[in-house]
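Data block below; observations after.
The values are calculated or read from the model by the stated rules, or taken from the named source; none is laboratory data. What you see is a predicted model, and the numbers here were worked out from it, not measured in a lab. Note that we place each Cβ from the backbone using ideal geometry, even for glycine, and neighbour counts take in every protein chain shown. Protein only, heavy atoms only, side chains kept; ligands, DNA and RNA dropped before computing areas. Shrake-Rupley method; radii C 1.70, N 1.55, O 1.52, S 1.80 Å.
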Amino acid sequence: MIRYISARLLATVPVVFGVTIAVFSMLYLIPGDPVKMMLSEFQTSPEQIARMRAQLHLNDPFFVQYGRFVWNGLHGNLGTSIRDDRPVTQEIFEVLPQTVQLAVAALALSSLLGMALGILAALRQNSWVDIGAMTLATLGISMPSFWLGLILILIFSLRLELLPAAGGGDLPHLIMPAVALGLGAAAIIARLTRSSMLDILRTEFVTTARAKGLTGRTVVLRHALLNALIPTITIFGLQFGTLLTGTVFIETVFGRPGLGRLAIQAILNKDFPLVQGSVLIFALGYVVVNLLVDIVYAVVDPRIRYQ
Amino acid sequence: MAETLAPRAAPAAGARARTRWQMLAPRIRRHKGLMVGLAIVVLLVVIAVFRDYVAPQNPIKIDVTAALQGPEPGHWFGTDQYGRDVFSRVVHGASISLTVGAIAVVIAATVGTAVGLVAGYYGRGVDALIMRIIDVLLAFPGILLALGIVSVLGPSLQNLMIAVGISGIPFYARLVRGTVLVAKEQLYVEAARVIGVPIPVLLVRHLLPNIVAPIIIAATLGMGITILQAAGLSFVGLGSQPPTPEWGRMLTEGRDYLRDAWWISTFPGIAIMITVFGVNLLGDGLRDVLDPRLRI
């Protein structure tokens, strides 16, 4: 197991290296002068532009700048926000817990709902329950989360006045954003759980369990369910990444402070150090979550370790 | 010799194509989901093409005297804060969303397929290098890569298509590479190599037609995701700019009037959902018909 984890950790190193290169290179890919673009909304003199270039060390060679970017990043310094003149890491870590809270709540909701729907559909294959659940799932995948957010605000905040429309912090502020964000993922998990459950129900060990005379409930709960859920775990990492970046839209709809909203504001304000910092944290978060999912997968299913 | 063979080769190819189509046609017709999806997509394309006839009112014409009117005859979906007809804007938005989705998918699928073909066929160092780059790009989840590209290029509808298109490339590259790795071991590839077919011809004329099914399936399903992503980026202000009647943009514009004029945001959202639903049904159906092993 330790060998597997070490190999998996080692494989992550080039990816992290590549992610930092990609995020750092963003500044170089801007058509024209990045400093002029960043300061386009301000009245600036050539001296101020030159000072800004010096402040961002843009006159140094590429690899010197990259080395400094990584070194500073490892020491918790991702530069200074152009708009607010505050450290980027400070701005990010002030709002990051809210984004993680939202993504985790959405993942929990989508897992419970998706698995329940998927199992129900598989057990009643080709019935109206199955067709209804899967049509609902296809609709769920097709529904824009940000539009669902608006509809939830319209119904539960403006009409029924049950939940707050905007802001963050406590549970009432979390419910609607988590539902809006999680329903699409629930639909994907429902489809995967259904298909995986159908595969398991056709295996020989389930037939054996039935042949032994076990009740349908015991066969499903004790023999089929846990095995059917193994493939679903792999999709958690993928879904968590999608949910994490989905916060970009949901935090905007609900006016909720978070990393997604911070990134959008930074892009609209052309605050490049803040854009780089937010994109980097999102990507690194995704890499770490996928690493954890792979390890959990290997713990749950020992066959993975020996492949 | 060649002259005598040539006329025979053409009908043989035609007959093969007909046989494949004849095999697929009944399966396509029998698949209810696929037929419903196809009907929705065809209807949307017809609406997009004949938008000036379906909704004759100018979608960007401001008429403040008619602002914020609810759905009624003459304004089936009501009017927005500038008095513009929401129905006309939704209908004209269909052509924008379908075009954005199609162009982004074409960019992603074409470049991704080319990269995947080269990586899968050449293998070794080329493959290792390309796949490490793809791995890095895949480390940017969901919309994040498109977001990063828009931040570099600047917000506009054109840049949105490029950004969403580029962000889809790694997915197609990985898919095609995997398929090529299996396909290149087949006898027909070896035969083509032995008779000296140049590699670009071998890749495009021999390998590609044999791995096109998963690409078509992925592109159809990818179109739904692309339309959602593009609408989302426009919603947060990083795509189309006013007064373009783009669905995502319309949702934002109606947000401040949600309490008194629910229709401004509701109808574009339903339009997005129906479009993506149709495209997804079509994609699911094509997958079931062309490659039932992939069914989930």
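Side notes on the structure shown:
- Filtered by the rule that a residue be over 23 Å from A:Ala116 (Cβ atoms) and either facing chain B (nearest Cβ under 9 Å) or of a type in the set (Phe, Trp, Tyr) (or both), segment A:242-259 gives A:Leu244, A:Thr245, A:Val248, A:Phe249, A:Thr252, A:Val253, A:Phe254.
- Residue among B:Thr275, B:Thr244 that is part of a loop (DSSP other than H, G, I, E, B), at pLDDT 90 or above and within 22 Å of B:Ala48 (Cα to Cα): B:Thr244
- Selection of first residues in segment A:147-164 that are under 18 Å from B:Glu253 (Cβ atoms) and within 8 Å of chain B (Cβ to nearest Cβ) and of second residues that are surrounded by fewer than 21 Cβ atoms within 10 Å (Cβ to Cβ) and of a type in the set (S, T, N, Q), restricted to Cβ pairs under 7 Å at least 6 apart or on distinct chains, gives an empty result.
- Check on B:Phe140, modelled with pLDDT under 90, within 23 Å of A:Leu243 (Cα to Cα) and either in contact with a Ser or Thr (Cβ under 8 Å, 6 or more places away or on another chain) or open to solvent by 10 Å² or more (accessible area, probe 1.4 Å) (or both): yes
- Search result, residues across segment A:165-179 that are within 18 Å of the chain's Cα centre (by Cα) and within 14 Å of chain B (Cβ to nearest Cβ): A:Met176
- Residue within segment A:216-237 that is within 12 Å of chain B (Cβ to nearest Cβ), crowded, with 24+ Cβ neighbours inside 10 Å and part of a helix (DSSP H, G or I) present: no
- Count of residues meeting criterion [assigned to a helix (DSSP H, G or I), open to solvent by less than 20 Å² (accessible area, probe 1.4 Å) and at the interface with chain B (Cβ under 8 Å from one of its Cβ atoms)] in segment A:9-30: 4
- One residue alone among A:Lys270, A:Lys212 is at the interface with chain B (Cβ under 9 Å from one of its Cβ atoms) and open to solvent by 20 Å² or more (accessible area, probe 1.4 Å), and that residue is A:Lys270.
- Hey, A:Phe63 outside any helix (DSSP H, G or I), surrounded by fewer than 13 Cβ atoms within 10 Å (Cβ to Cβ) and of a type in the set (Phe, Trp, Tyr) or not: no
- Segment B:206-220, subset touching a residue at least 60 places away in the same chain (Cβ under 8 Å) and crowded, with 19+ Cβ neighbours inside 10 Å, residue nearest to the other protein chains (Cβ to nearest Cβ): B:Thr220
Every residue, every condition in (1) buried (at least 22 other Cβ atoms within 10 Å of the Cβ); (2) of a type in the set (A, V, I, L, M, F, W, C), yes or no:
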{"site": "A:Gly118", "(1), (2)": "yes, no"}
{"site": "A:Arg124", "(1), (2)": "no, no"}
{"site": "A:Val129", "(1), (2)": "no, yes"}
{"site": "A:Leu139", "(1), (2)": "no, yes"}
{"site": "A:Ser145", "(1), (2)": "yes, no"}
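- Within the span defined as segment B:248-258, one or more residues are within 7 Å of chain A (Cβ to nearest Cβ), more than 12 Å from B:Leu160 (Cα to Cα) and among the hydrophobic types (A, V, I, L, M, F, W, C).
- For B:Val126, the stated conditions do not hold, so it cannot be described as buried (at least 19 other Cβ atoms within 10 Å of the Cβ) and part of a helix (DSSP H, G or I).
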